[in-house]
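Below is one structure, written out as structure tokens, with a few remarks after it.
The values are calculated or read from the model by the stated rules, or taken from the named source; none is laboratory data. Quantities reported herein were computed from a predicted structural model and do not represent experimental measurements. Here the Cβ is made from the backbone with ideal geometry for all residues, glycine too, and neighbour counts use every protein chain on show. These area figures cover heavy atoms from the full protein model, side chains too; ligands, DNA and RNA do not enter into them. Shrake-Rupley method; radii C 1.70, N 1.55, O 1.52, S 1.80 Å.
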Amino acid sequence: MDYDYNRILFENRQITNKSALLWMELMAGMTGLIWLLGLLHVISTITWVFYILMPVSILLLLLPAVLNKVFKLSDSITMDAQKIKLLTISILGCSLSSVFLLSVALSPYVAIAWLFPMMIACQYYSRRITSATFLAGLFGIITSYFLSLLVGAWDYNMIAPPALDVVRNLTLPIAGYASLYLFPRILLYCAGFPLFVAITKRTSLLLKKQKLAIMAFQAKQTFDEMQEFPDTFITDCKIKMRYLAKNDIDVDTALKNMNGNVDKYNEFMLTFVGESHRKEDELFNLMTPDSLLQYGSKAHALRVKANALGLKNLTDTAFFHEMEAYAGNLEVVQANWEKLSFELDEACDIFTDYIQSLGLKNHATDQNGNQITFKKWGEQLQEAFQALEAYDATRARNILNELLQYQIDADITKNLQSIVTNIDELLEA
């Protein structure tokens, strides 16, 4: 199954957008109340521009909610990435613009309002958004304050066409006073930046944990698929094992000795076939006067494995080679080598036909020829799953990269590659 991990980001951003819209509506309500109190002269207003900018600010605060209502930008069904991004931009842009206008109209009283856009921005899981909003707010604080001074000066008729010389003479004193007035406010605003970054990191961490939880679920599904493999083979194995019996392999006795465990027999057989050529070469190389005892030991190991698999003829031949080797009869061993080699190759050919008829792949092989059983592969996948559950993405990635060296199943490999790719993106974020 393919997972769109970006959807998790958009789902969380959508939740943040909806929350931000509610906060902006609340802010618009508070701003509207202040504007109404000003109209009723309950509070005294300093500048005439208050009556113009306040309603514009209210409209800006409500604009994202209107756009969302009309164009369904936060539709949970379509989950359109472009619409969600547009809504995010409109929320941040309108919140900054509205606070800017409020600062121009009520500069001495609404300095704390600049924290409002930052409180929204730090919930978007992105330090870039938080930093951009912070810089925009810093620029807005400085600009709005100077604009409020000009508006106030105009309102008190300090700036009139005949008084331009006076303005020139007052420029430096006003700028100096403004700098002294702004400095504590800017310092306080900047002091809050680490807090907002910390909140951003926290929300980003929560998002990463959500992604890892989904990855863990995907790994668990893959692990469950691995658990299903043995069950799908049992019936076919018991039927097709008659092919082994027809070729003088005492499969019934072998299964009886393994408590009827077909999967254990298959796994043992696959190991035997995988090692057969190497074991045969080892035996041949040990057929010398100085290494006959080692030859006898290897022949004994071959006899035990052949007996466990029900290979009666190979068991008897290997036993004969074992006894003659221990007796030091090199000529006898050499004279009967072809028989041992033939019976070993014949047994492997029969087993190979059986393996191919079932499509068994209990041994995967990596690029270097190393082998691993399904059981061991599944155990390592379980470790990766546990690492993801513990939010240890680095350890999980290392384990999965090792597992990807073994081509066991195309669908499983595709799932694991998807997990590793998304872990890489998550760690680089």
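Criterion first (of a type outside the set (D, E, K, R), under 18 Å from Ser357 (Cβ atoms) and modelled with pLDDT of 85 or more) does Val251 satisfy it? Reasoning before the result, please.
Numbers: of a type outside the set (D, E, K, R): yes; under 18 Å from Ser357 (Cβ atoms): yes; modelled with pLDDT of 85 or more: yes.
When the stated conditions are applied, Val251 passes them.
Tally up the residues in region 24-46 that are surrounded by fewer than 16 Cβ atoms within 10 Å (Cβ to Cβ) and touching a residue at least 40 places away in the same chain (Cβ under 8 Å), please. Step through it out loud before you land on a result.
Initial filter on region 24-46 (surrounded by fewer than 16 Cβ atoms within 10 Å (Cβ to Cβ)): 25-26, 29-30, 33, 36-37, 39-44.
Adding the requirement that they be touching a residue at least 40 places away in the same chain (Cβ under 8 Å) leaves 25.
Total meeting the criteria: 1.
Quick one: Ala410 ticks every box in (1) open to solvent by less than 30 Å² (accessible area, probe 1.4 Å); (2) at pLDDT below 80; (3) aliphatic (A, V, I, L, M); (4) under 22 Å from Glu267 (Cα atoms) bar one, so which box is it?
Unmet condition: (1).
Of the residues in region 269-321, how many are without any contact (Cβ under 8 Å) to a residue 60 or more places away in the chain, open to solvent by less than 30 Å² (accessible area, probe 1.4 Å) and of a type in the set (Phe, Trp, Tyr)?
So the answer is 1.
Could you look through region 46-94, keep only residues that are hydroxyl-bearing (Ser, Thr, Tyr) and over 12 Å from Asn17 (Cβ atoms), and pick out the one that is modelled with the lowest pLDDT? Spell out how you get there, then give the answer.
Of all residues in region 46-94, those hydroxyl-bearing (Ser, Thr, Tyr) come to 47, 51, 57, 74, 76, 78, 88, 90.
Add one more test, that the residue is over 12 Å from Asn17 (Cβ atoms), and what stays is 47, 51, 57, 78.
On the way: Thr47: 62, Tyr51: 82, Ser57: 92, Thr78: 57.
Residue satisfying both the conditions and the ranking: Thr78.
Residue check, Val304 against (1) out of contact with any helix residue (DSSP H, G or I) (no Cβ under 8 Å at 6 or more places or on another chain); (2) more than 25 Å from Gly260 (Cβ to Cβ), all met but one. Which one?
(2)
Among Gln380, Gln417, which is the only one that is at pLDDT 80 or above and open to solvent by less than 60 Å² (accessible area, probe 1.4 Å)?
Being at pLDDT 80 or above and open to solvent by less than 60 Å² (accessible area, probe 1.4 Å) holds for just one of Gln380, Gln417, which is Gln380.
Among residues belonging to region 342-364 that are more than 17 Å from Phe268 (Cβ to Cβ) and in contact with a helix residue (DSSP H, G or I) (Cβ under 6 Å, 6 or more places away or on another chain), point out the one that is modelled with the lowest pLDDT.
Selected residue: Ser357.
Across region 268-286, what is the number of residues that are touching a Phe, Trp or Tyr at 6+ places or on another chain (Cβ under 8 Å), assigned to a helix (DSSP H, G or I) and farther than 15 Å from Ala347 by Cα?
2
Kindly evaluate Ser148 against the criterion of being buried (at least 20 other Cβ atoms within 10 Å of the Cβ) and either among the small types (Gly, Ala, Ser) or modelled with pLDDT of 85 or more (or both).
Values: buried (at least 20 other Cβ atoms within 10 Å of the Cβ): yes; either among the small types (Gly, Ala, Ser) or modelled with pLDDT of 85 or more (or both): yes.
The answer is yes for Ser148.
If I go through region 331-348 residue by residue, how many of them are in contact (Cβ under 8 Å) with a residue 24 or more places away in the chain, among the hydrophobic types (A, V, I, L, M, F, W, C) and surrounded by fewer than 16 Cβ atoms within 10 Å (Cβ to Cβ)?
Of the residues in region 331-348, 1 are in contact (Cβ under 8 Å) with a residue 24 or more places away in the chain, among the hydrophobic types (A, V, I, L, M, F, W, C) and surrounded by fewer than 16 Cβ atoms within 10 Å (Cβ to Cβ).
Collect the residues in region 261-285 that are out of contact with any Leu (no Cβ under 7 Å at 6 or more places or on another chain) and among the aromatic types (Phe, Trp, Tyr), keeping them in residue-number order.
Selection gives Phe284 alone.
With the requirement that a residue be open to solvent by 20 Å² or more (accessible area, probe 1.4 Å) and among the polar types (S, T, N, Q), what does region 93-105 give you? Before you say what the answer is, go through the steps one by one.
The initial filter retains those residues of region 93-105 that are open to solvent by 20 Å² or more (accessible area, probe 1.4 Å), namely 93, 96-97, 100-101.
Within region 93-105, just Ser97 meets the criteria.
Taking the residues in region 109-136 that are more than 31 Å from the chain's Cα centre (by Cα), open to solvent by 20 Å² or more (accessible area, probe 1.4 Å) and touching a residue at least 40 places away in the same chain (Cβ under 8 Å) as candidates, determine which candidate is nearest to Phe183 (Cα to Cα).
My answer is Ala111.
Pairs under 7 Å by beta carbon, first residue closer than 16 Å to Tyr124 by Cα and open to solvent by 90 Å² or more (accessible area, probe 1.4 Å) in region 72-92, partner in a loop (DSSP other than H, G, I, E, B) and modelled with pLDDT of 75 or more, six or more apart or different chains?
Leu86/Leu73
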